[in-house]
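Asks: One structure coming up, written as structure tokens, with questions to follow.
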Amino acid sequence: MIYIVGLLAVIFLAMAAVVVSRMAAVVRNVGGTEDGDDSSYTGISNKINGAMFMVFLILGGIAATWSFMHSTQYFLPEASSPHGRRTDELFWISMAIVTFSAVLTNVILFYFSYRYQARKGYKAAYYPENHKLELIWTVVPAVVMAVMVFTGWRAWRDIMSEAPQGAQEIEIVGKQFNWIVRYPGVDDNKLGNYNYKLTDNNNEVGIDYSDEKAFDDFTSTTEMHIPVGKPIALKIRARDVLHSVFIPHMRVKMDAVPGMPTRFWFTADKTTEQMKNELNNQDFTYEIACTEVCGRGHFSMRVRLIVEDEDSWKKWCAEQKPLLTSFPEYASRIPANLKAKAAKYLPADAAAPSDSTTASTQQGGAAASVSLR
Ligand SMILES: [Cu+2]
């Protein structure tokens, strides 16, 4: 360790010595050319350096323009949600301001270096200060920055606020390596409670059947269907490691963190069908991806997003089977006082249990509630 520190000290000392000697050379030149020989910096190499500034400016400008045009193919697709269009607008306004300032300052910087290069007989004017100029270049950027920050903050506040009343709740849970989408069901349209300790191979999101709101909940791992024009309140969770919900067309991007539920609300205002026609591409589909590298199968965490009008969305929901219907064994976790309410989701034999199954399910219910604590 001590050797490394020593070595670093020597390197820094050497670097300092080089800098000091360079400074001394500059001071010598500045001090010693009052009316003496200035050919050392008005020679041919000075002219070449000056010309190179212009070459660099022009080639650099062409390269930057080409790079921008070339990368448009990687830009996000056109937004299909109002907040997406709003963030895009902010992005492009910021981009325009930044590009304008960068082009202006760099053109001046490079052109002046060329135009006002040292010439024999010319002497640079000493121009130590100009308060008016300083005021302008301080106040103008400050005002522009303040406006940008304020409009950005307002957009952020609106987008990240609580979902509006009447928003459709949908849960999305990330796991290695797929998303599980849970819907609140057609009867109560409310997501039931969950508990991660209840997670198993069939109940992948740990639905807690001691909560009656959970009885009609159903899940999907391949598709998320949402109604067009209605705010969607996404409730986001992760089961194992960090994932991130990304819906590029909706400009939705939010981390899914184990143990820390997150959320994001958005409104889709173009159906999948509309997009197919607009893009003249019958294979078009919105998609949800994972943008947090979460392991080997990260690339395959894809869910198709189907945006449809509310009627066909409701129809689709009604066609889905509640998880409880597919796996009636979870009926054992339903408290005795709620059994009657769950009956309609269970096959006939599970709905009208004999005395012995009632006893066992009650035991099961007790066991489940113990495991909750
Ligand atoms: Cu992931």
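Bear in mind these aren't lab numbers, they're just calculated from the coordinates by the rules spelled out. Everything numeric in this text was worked out from a predicted model, so none of it was measured. Neighbour counts are summed over all protein chains in view; Cβ atoms, including those assigned to glycine, are modelled from backbone coordinates with ideal geometry.
Asks: Among bridges DSSP assigns within the chain, what percent are antiparallel (round to 5)?
Replies: In the chain, DSSP labels about 65 percent of beta bridges as antiparallel.
Asks: Hey, another quick one. Sorting 247, 172 on the 10 Å Cβ count, fewest up front, what's the list?
Replies: So the residues, fewest neighbours to most, are 172, 247.
Asks: Taking the mean number of other Cβ atoms within 10 Å as a proxy for protection, how do you rank 90-97, 129-136, 224-231, 178-185 from highest to lowest?
Replies: The peptides rank, most packed first, as 178-185, 224-231, 90-97, 129-136.
Asks: How big is the dipole moment of the stretch 168-372 about its Cα centre under a simple scheme where the beta carbon of each Lys and Arg is +1, that of each Asp and Glu is -1, and everything else is neutral? Debye, nearest 20, please.
Replies: With only Lys, Arg, Asp and Glu charged at Cβ, the dipole is about 440 debye.
Asks: Can you tell me the dipole magnitude for the chain around its Cα centre, using point charges on the Cβ only (Lys, Arg +1; Asp, Glu -1), in Debye to the nearest 20?
Replies: 1060
Asks: So how much slack lies between residue 142 and residue 19, counting 0.36 nm per residue of separation and subtracting their Cα-Cα distance, in nm?
Replies: 40.8 nm is the gain from fully extending residue 142 to residue 19.
Asks: So what are the stretch 168-372's ellipsoid semi-axes, whole angstrom, largest first, if each one is the square root of 5 times an eigenvalue of the alpha-carbon gyration tensor? Numbers along the way, then the final one.
Replies: On the way: eigenvalues 217, 80, 33 Å².
Semi-axes from the Cα gyration tensor: 33, 20, 13 Å.
Asks: Here's a follow-up. Among 264, 93, 113, whose Cα projects farthest towards the positive end of the dipole of the chain, with charges put on the beta-carbon of Lys, Arg (+1) and Asp, Glu (-1)?
Replies: Going by the Cα projections, it comes out as 113.
Asks: Same structure, new question: Among all the lysines, which ones have a C-alpha under 21 Å from residue 344's C-alpha, if same-chain residues fewer than 8 places away are not counted?
Replies: In chain and number order, the partners are 190, 213, 314, 315, 321.
Asks: Okay, moving on. Run the numbers for residue 253 and residue 154: contour at 0.36 nm per residue of separation, minus the present Cα-Cα distance, in nm.
Replies: Full extension of this stretch gives 33.8 nm more.
Asks: Among 303, 332, 137, whose Cα sits farthest toward the positive end of the charge dipole of the chain (+1 at Cβ of Lys/Arg, -1 at Cβ of Asp/Glu, about the Cα centre)?
Replies: 137
Asks: Roughly how many Å is it from the Cα centre of the stretch 126-196 to that of the stretch 241-313, as a whole number?
Replies: Distance between centres, Cα-based: 17 Å.
Asks: Classify the chain: rounded, prolate or oblate, from the alpha-carbon gyration tensor (a ≥ b ≥ c, eigenvalue square roots; a/c under 1.5 rounded; otherwise prolate if a/b is larger than b/c)?
Replies: prolate
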